[in-house]
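See structure below.
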Amino acid sequence: MSTRSRTDRPTLRVDRVACTGHGVCATLLPGSIRLDEWGYPVVLTAAEDGVDDGDEARAAAVRWCPALALYADRSS
């Protein structure tokens, strides 16, 4: 059992300048990211009904982002 709290998890961030709207992140993280009307990712908060897709899915989405625009920020 993990002793990490929800606040210890990294926050997903999108570099809006680097993002090219491929949508890979939304496919890999359907509970955490939705696409806006132009196909660009919006990271969902808990207040917006976002859910944590898990550490492995988050790491895969960061790794597979074609534009390297998705990252996990532990500073928040």
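The values are calculated or read from the model by the stated rules, or taken from the named source; none is laboratory data. Here the structure is a predicted model, which is why all the values come from computation and not from measurement. Positions of Cβ are backbone-derived with ideal geometry, glycine not excepted, and every protein chain shown enters the neighbour counts. Note: areas computed on protein heavy atoms with side chains; ligands, DNA, RNA excluded. Shrake-Rupley method; radii C 1.70, N 1.55, O 1.52, S 1.80 Å.
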- In whole percent, the fraction of accessible protein surface over the chain that belongs to carbon or sulfur atoms, probe radius 1.4 Å, stands at 55
- Counting only backbone N atoms under 17 Å from a point 7 Å out along Cα-to-Cβ of A60, the residues of region 8-40 in range are 23-34
- Task: Quickly estimate the mean residue ellipticity at 222 nm for the chain, helices only: each DSSP H run with n ≥ 4 gives -39500 (n - 2.57), and the total goes over all residues, rounded to 500.
- Result: -5000 deg cm²/dmol
- What net charge is computed for the residues neighbouring L29, neighbours being all others with C-beta under 10 Å from the C-beta of L29, Lys and Arg scored +1, Asp and Glu -1? 0
- Item | Read-out Cα extents along the principal axes in Å, derived from the coordinates shown; its label in (i) 33, 22, 18; (ii) 30, 29, 27; (iii) 38, 24, 20 | (iii)
- How would L68, L29, L35, L44 rank on accessible area, largest to smallest, probe 1.4 Å? L68, L35, L44, L29
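Keeping all protein chains in place, calculate the accessible area per residue for the chain (probe 1.4 angstrom), answer in Å². Let's see the in-between values first.
Values: 5150 Å² over 76 residues.
Value for the chain: 68 Å² per residue.
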- Any chance you could look up the accessible area of Y40 with a 1.4 Å probe, heavy atoms only, rounded to 10 Å²? 80
